[in-house]
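Worksheet: the structure to be examined is printed underneath.
The values are calculated or read from the model by the stated rules, or taken from the named source; none is laboratory data. All of these numbers come straight from a predicted model, not from anything done at the bench. In this analysis, Cβ positions are derived from the backbone assuming ideal geometry, glycine residues included, and neighbour counts consider all displayed protein chains. All accessible areas refer to the heavy atoms of the entire protein, side chains included, with ligands and DNA or RNA removed. Shrake-Rupley method; radii C 1.70, N 1.55, O 1.52, S 1.80 Å.
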Amino acid sequence: MKAIPTIEKYMTTTPRTISADISLAKAEKVMNELQVRHLPVLEGGRLVGILSDRDIKLVESFKDVNPEKVAVREAFTEEPYTVSPKASLSEVCSEMAAHKYGSVLVTDNHKLVGIFTWVDALDAMRELLETRLKH
């Protein structure tokens with residue numbers, strides 16, 4: 001039986017990050033340009049959280065909120081789910097499903113090295129179905 005692959009095989013390496021100081025409007029523009037739903041948030045070069053498109057939409061839904069004047073630091077999720085690049089694909093997918101996480105940040109020695117999203121999980125499933133079930 002083949003070993004279960006690790007997350008590093010399927011993660012997106014060197015994900016685009018944003019500063020906690022930029023506006024939500026600018027963060028939303030970056031997401032739209034990159035066609036992503038999650039952006040890791042850095043402060044002083046250190047990973048402090050993750051901002052999702054849902055975080056932005058929630059804050060924008062409040063009355064009298066101007067996304068040009070609200071900083072990412074007021075909307076992002078602190079202490080996001082993180083894993084090592086050597087984490088098992090099955091364990092990570094199990095956690096994502098159990099907690100309904102849209103993404104997982106991949107860190108090595110406290111440095112952000114990747115992001116694994118549900119789209120990456122579907123790509124992994126497709127590849128595994130095509131290669132392992134054909135035999």
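Quick notes on this structure:
- For segment 19-35, a residue qualifies if it is within 23 Å of residue 121 (Cβ to Cβ) and either out of contact with any strand residue (DSSP E or B) (no Cβ under 8 Å at 6 or more places or on another chain) or in a strand (DSSP E or B) (or both), and the qualifying residues are 32, 34, 35.
- Selected residue (only one of 28, 79 is loosely packed, with under 15 Cβ neighbours inside 10 Å and free of Cβ contacts under 8 Å to residues at least 40 places away in the same chain): 79
- Residues of segment 81-97 classified as part of a strand (DSSP E or B) and among the β-branched types (Val, Ile, Thr), total: 2
- Residues in segment 37-61 that are surrounded by fewer than 20 Cβ atoms within 10 Å (Cβ to Cβ), over 17 Å from residue 112 (Cα atoms) and not hydroxyl-bearing (Ser, Thr, Tyr): 37, 53, 54, 57, 58, 59, 60.
- Scanning segment 98-120 turns up no residue that is at pLDDT 95 or above, of a type in the set (Val, Ile, Thr), part of a helix (DSSP H, G or I) and surrounded by 15 or more Cβ atoms within 10 Å (Cβ to Cβ).
- Residues in segment 36-56 that are outside any strand (DSSP E or B) and either polar (S, T, N, Q) or on the phi > 0 side of the Ramachandran plot (or both): 44, 45.
- Taking the conditions (1) closer than 19 Å to residue 122 by Cα; (2) at pLDDT below 95; (3) aromatic (Phe, Trp, Tyr) in turn, residue 10 satisfies each one other than (2).
- Any hit, segment 57-78, residues being of a type outside the set (Phe, Trp, Tyr), assigned to a loop (DSSP other than H, G, I, E, B) and under 30 Å from residue 129 (Cα atoms): no
- Residues located in segment 3-18, provided they are open to solvent by less than 60 Å² (accessible area, probe 1.4 Å), outside any loop (DSSP other than H, G, I, E, B) and more than 12 Å from residue 115 (Cβ to Cβ): 6, 18
- For beta carbons closer than 7 Å, sequence separation of 6+ or different chains, a first residue in segment 86-100 that is without any contact (Cβ under 8 Å) to a residue 60 or more places away in the chain and closer than 17 Å to residue 115 by Cβ and a second that is open to solvent by 20 Å² or more (accessible area, probe 1.4 Å) and of a type in the set (A, V, I, L, M, F, W, C), the qualifying pairs are 93/121; 96/118; 96/121.
- Residue list for segment 86-120, restricted to those being among the acidic types (Asp, Glu) and under 12 Å from residue 47 (Cα atoms): 108
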